[in-house]
Amino acid sequence: MAANTRDIRRRIKSIKNTAQITKAMQMVAASKMRKAQAAATAGRPYADLMNRVLVSLSRTTSPELSPLLEVREVKKELVLVVSTDKGLCGALNTNLLRETQQFDKKPAAYVATGRKAVQYLARTKKELLADFHLKDAPALLDTKPISKFLIDKFLSGEVDRVSVLYTRFVNTLTLKPTIQTILPISPADLPKPADATPAEESGLEFLYEPSAEEVLAGILPHYVHFQVYQMVLDARASEHSARMVAMKNATDNAKQMIKDLTLEYNKVRQASITTELLEIATAQMSLG
């Protein structure tokens, strides 16, 4: 009996130590989550404005003006996979990497950022052209080499379409694995702002200097750079949100286990005391 209570006390102490660690990780993830969510949502108005400009330009210019608009038969696709470097974020990476199965039907090559994606692509023996390491809070200049690599592969004709697989941040509890094509740029596929005015929809809202054609040539590469940057920010916000939720669940589960073990410990201890009292009472009766 004593050995049993000693084991329970040891387990309670071990779980308390684990709960302290998960609580600390939860607080760190919550702090990073707030910053990452603010960064991800701050860029969306700018992205919406670029979408409006591109939709307007598509109505006043010819798609043949830029090779980034050239639609080709897809013989090979390049996929950028944006994952995390670390685990302990629930099923985030599992749900994301499962979506790579959609590219198995046709020849596809991959570019990865995040150690989890690199390990998965190597394990499944997929063609990995390059992998990029990003810091926890990347700037546009940090993601630009990635988008430049994607543009170069498309312009060289090595691939006919470029897509990005990332986790889109909706809110703390809603994180969606998303596949979005970024090359060739198709204004028809651009998300339409909910507050677009009739003038914008008709393409009459913007005036271009020196000309719409020159503005188009300048804005298209920047659009790709910013889209990749925005997707990385979404992925970072999703990562910290998932890790915060996972650590909170782990802490709550640890607290519940401590309660259950404490109850079990008290029952065992009470049973031990009752047994001892019965033995003493029985001994006294036999002596009497």
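Table for the structure above
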| read-out | value |
| --- | --- |
| Selection status of residue 232, aliphatic (A, V, I, L, M) and under 30 Å from the mean Cα position of the chain (by Cα) | yes |
| Selected residue (criterion: farthest from residue 81 (Cα to Cα)) from residues of the range 152-167 that are out of contact with any Pro (no Cβ under 7 Å at 6 or more places or on another chain) and hydroxyl-bearing (Ser, Thr, Tyr) | 156 |
| Criterion: of a type outside the set (S, T, N, Q), surrounded by 14 or more Cβ atoms within 10 Å (Cβ to Cβ) and closer than 25 Å to residue 254 by Cα - qualifying residue of 11, 6 | 11 |
| Any pair with Cβ under 8 angstrom, 6 or more apart, that starts in the range 275-288 at a residue that is modelled with pLDDT of 75 or more and ends at one that is surrounded by 10 or more Cβ atoms within 10 Å (Cβ to Cβ) | 275/1 |
| Among residues of the range 242-283, those that are out of contact with any helix residue (DSSP H, G or I) (no Cβ under 7 Å at 6 or more places or on another chain) and of a type in the set (A, V, I, L, M), counted | 10 |
| Answer from 145, 191 - the residue that is modelled with pLDDT of 90 or more, open to solvent by 20 Å² or more (accessible area, probe 1.4 Å) and either more than 28 Å from the chain's Cα centre (by Cα) or closer than 30 Å to residue 34 by Cα (or both) | 145 |
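The values are calculated or read from the model by the stated rules, or taken from the named source; none is laboratory data. On a predicted model such as this, the values are computed, not experimentally measured, just so you know. With ideal geometry, Cβ positions are generated from the backbone for all residues, glycine too; neighbour counts draw on all protein chains shown. Calculation scope for accessible area: heavy atoms of the full protein, side chains included, ligands and nucleic acids excluded. Shrake-Rupley method; radii C 1.70, N 1.55, O 1.52, S 1.80 Å.
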